[in-house]
Each structure stands twice: as structure tokens, then as C-alpha cells.
Amino acid sequence: MDIYDLSSAAYKKARRQYLKTTKNRNEDLDAEWTPFRAAEKKYKARFPPPDLSHVLDLTSVTYDAETLASGRIFYCNGVEIKLLETNESTSSGVGKAFTVPRVPGLVILPSFVSPQDQRRLVRWALRDHARHPNETNLDAHYILPEEGLWNAHLSSDAPLVRTRACNPELSNTKSGNSGPRQLVSNTPADPANFQSMLHSPKPLPAPSPTVSPASPTTLISKLRWANIGWSYHWGSKQYDFTKGKGHVDSEIGAICKRAVSSVNWKEVFGQSDEEGWSDEHWRSWHETYEPDAGIVNYYQIKDTLMAHVDRSEVCATSPLVSISLGNAAIFLIGGLTRDVEPTAILLRSGDVVIMSGPACRRAYHGVPRILEDTLPEHFSLKLDGEGLSSWTSYELYMRTTRININVRQVFPKGFDPGLQVEN
């Protein structure tokens, strides 16, 4: 990347901007940051460019027979990791699984998704999924085309997309506050408080009165998320079960189940005496894990995902499976508070991360940076059985994009939420 070349125009521009913006900055400001916030600032910074030498990059892992014989625990870029035995065995690193002992329940499967499947998932995320009836971040403000925003974007004569504020009869009713967004610290969901959360108000977001009609091509760069399965209510950080359960694509479900089934969970939790498991346990995941909700995130190069905790699922321990596609990203994961220094992990296209167990599922995590110019070569090559021209629009979009598909299980096996909904 040019930013790391001290003689490059990109480096010099970033330096000038840094000096300008920090000229009057309080030198003691960073002393108030928590360890997690300090890490976010470090990797988000455009200048100086972040030092990646302490970022766990599993593509650089090397180990020999002696390492394996010693218990498979070793270090990579200063981070302690453990190589797990898996139920999948292939070459070139595919089929390997690693844990990070300081984050119990975190499992990383490098290159788990093949190049062909990565491209198929990109098509699904853009063409098939980001459309009605799956909610997106744009639905609150725009009346999106029935054929889907991506398909309209590919059309040469697509009309402008109308706004909801200019069409009151098609606008959301009983909307919430249209003022500035408020930070919400939600109570962790569990079987005991589920009924109160089920009946708490979840007003629809108010359409913005300031947005203007726009072309599908303009809006596709503003697409940030699309819902999977149970509908997530961003205003309350709870699920809105009154909308019923949305569809979970069978291929997505199959990849997530295959990832969970490939892990030897006894190696991950067999020696653990963690509290917080309640009635749900890792020993049965091969049979009981059933993904029923999730989000597709569409990151542009300068986007970030700040530190947060997933507290909305009643099942607080079952695996959350996260699939990375496109440009690489730095992923931070810490502990139960922001005062725990996070581990930085480089996630590349095709990598799968599994967050599981009571400590990991309630750990603070985030994505402070997408690394530009890291799109894998297989996104620009013609693959067997696929016409290159049909892929070109996807490849152009993915040059500046990272797509993340993360899927989880809302209810523990055997829990009856008492919902009268249709699947």
C-alpha cells in the first residue's frame, strides 16, 4: 500500500492532513482512552500508518513437527495461538483451525471458503439478498426498486429511487424520533427477560426529510447492511419478532453448520470451567446449532465498526459465524469490558471466524480498518464455467469493498419463545 512508502504522494498527503488536524490537539487526550479505544485509534489512523507487525496474520504462520508434538501452541506476530485438530483435512492451509487462548471460544478458520464460493456469495449478497423482503439500511429513507437495488444499478435505464419523505402514503407509519441517533446500551437478552423484551416498543425509524431521489448507482455505494432471518431492530438493539422470521439462505446455513462441525470443540472448551453456559452446551453443537438470524455488512474502504457487544440473542453462548469476503480487514476482540486490551487479527477473503461460549460471545469487538488494495486476485480472474463479462460489475464494486456475512442462533435449543409466526 502506498501509505507505507515514505516517498509516495499518499504518505505525504496523509502527513500534511495529520499535522493540520492535530495542531491544536490536547496532548493528554489519549491518556483518557481505554485500551480498546487506543487500539481502535491506532489502527484507524491514516497517519502515521499503523504498524501491522503485532497483528495476527495466519497466512504467515509456520510450524513444524516439533511444534505440533509440543501441544500445538505457538506464537504468531507476538500472539499466542493454538492449532486445533479439525474434522476437515485438505491442503494449502484450508481445513486448519486456530484458537487464541486469551479469548476463550474464539476460533479462526483461514481460507475456509473457496475462491469459487466467495464469488458466489458476493453475487448472493448483492443480487439476491439486498432486496425485499430483507430489510436494508436504505429502506427507512428510500422506496427501493422491487427487483433489488443491485439489479436496478445494472440496468441502463433505471429511474431515480424515490424517497419516503416525499411519498407520505408509502412512508413508514408510527415512526420513531427523527432527531440525532442516540447511543443505546441494551440489557443482555436471556430466557428470564425475553417476554418483557418481546413486548417492548420498537418504533420504525423516521425517514430523513433531507435526502433526495437518487440513482441506484449512487445508492449502491451507500448500502451498509441487509438483514438475515429474524428482524433486528437497530433503535432498541433487540429483535422485532412481530415481523416474523425471515429467510435464511440454505447455502449460508450450510457453510455455517459445516464450519461449526469442523471444529473439535472438546479441544476448545474441554478444560474450561467457565460459568454462563446455562442449559446450552458445546457438546451438542454438532446437532443443535441452527442459525436463524444475521446481518450482511457492506463496508467501503473508509468504513469502521466501533467496539460493541452482541447482547440481543437469548442464546448467549452458541456460535456466531462470520464470513469475510473481498478486501482484508483488521478485527479487534477484547474482553467483557473496554479495559481489556484487544487482540488484533487480520481477516482475509474466505476466512471464517467463530465467536462462541460465554466469554467470547459477550466480548467487545470491532473493525477499525479495511485495508485498501487487498482484493484477492481470484476476484479479477475468469473462473471455469463463468463468463468474465457477467462478473465485471461485481469485481469493480469489490475493489473498494469488504462484505461480511455474520450469522447466529437467537434461541437455545428447546427454548419455546411462544411466538405465533410463519417461517
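The values are calculated or read from the model by the stated rules, or taken from the named source; none is laboratory data. Not measured: the values here are computed from a predicted model. Positions of Cβ are backbone-derived with ideal geometry, glycine not excepted, and every protein chain shown enters the neighbour counts. We work out accessible area using only protein heavy atoms, side chains counted, and drop any ligands, DNA or RNA first. Shrake-Rupley method; radii C 1.70, N 1.55, O 1.52, S 1.80 Å.
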### Residue order for E32, E251, E313 - accessible surface, 1.4 angstrom probe, largest first
E32, E251, E313
### Task
Could I have the simple spin-label model distance between R120 and K382, label points 7 Å from Cα toward Cβ, reported in nm to one decimal?
2.1
### Task
Can you send over the carbon and sulfur percentage of the accessible area for segment 288-423, probe radius 1.4 Å, protein chains only?
47
### Message
Please compute the modelled spin-label separation between S8 and T304, points set 7 Å along Cα→Cβ, answer in nm with one decimal.
### Response
2.0
### Query
Which of A329, A293, L396 sits farthest toward the positive end of the charge dipole of segment 281-423, with +1 on the Cβ of Lys and Arg and -1 on the Cβ of Asp and Glu?
A329
### Query
In terms of the Cα gyration tensor, with a ≥ b ≥ c the square roots of its eigenvalues, is segment 319-420 rounded because a/c is under 1.5, prolate because a/b exceeds b/c, or oblate?
oblate
### Solvent exposure ordering (accessible area, 1.4 Å, most first) of T217, T163, T86
T217, T86, T163
### Query
Can you give the extra length, in nm with one decimal, that the chain gains between A254 and R37 once fully stretched, where that is 0.36 nm per residue apart less the Cα-Cα distance?
74.6 nm
### Task
Using a 1.4 Å probe and counting only protein heavy atoms, arrange M197, M398, M306 so the residue with the most accessible area comes first.
M306, M197, M398
### Message
For segment 229-300 and segment 334-375, what is the centre-to-centre distance using only Cα atoms, to the nearest Å?
### Response
16
### Query
Rounded to the nearest 0.05, what FRET efficiency do D373 and D190 have when you use their Cβ-Cβ distance and R0 = 60 Å?
0.85
#### Entry: Translational diffusion coefficient (Stokes-Einstein; Kirkwood radius from C-alpha pairs) of segment 220-309 at 10 °C, 1.306 mPa s, in µm²/s
99
#### Entry: Virtual spin-label span in nm between K82 and D157, 7 Å along Cα→Cβ
6.3
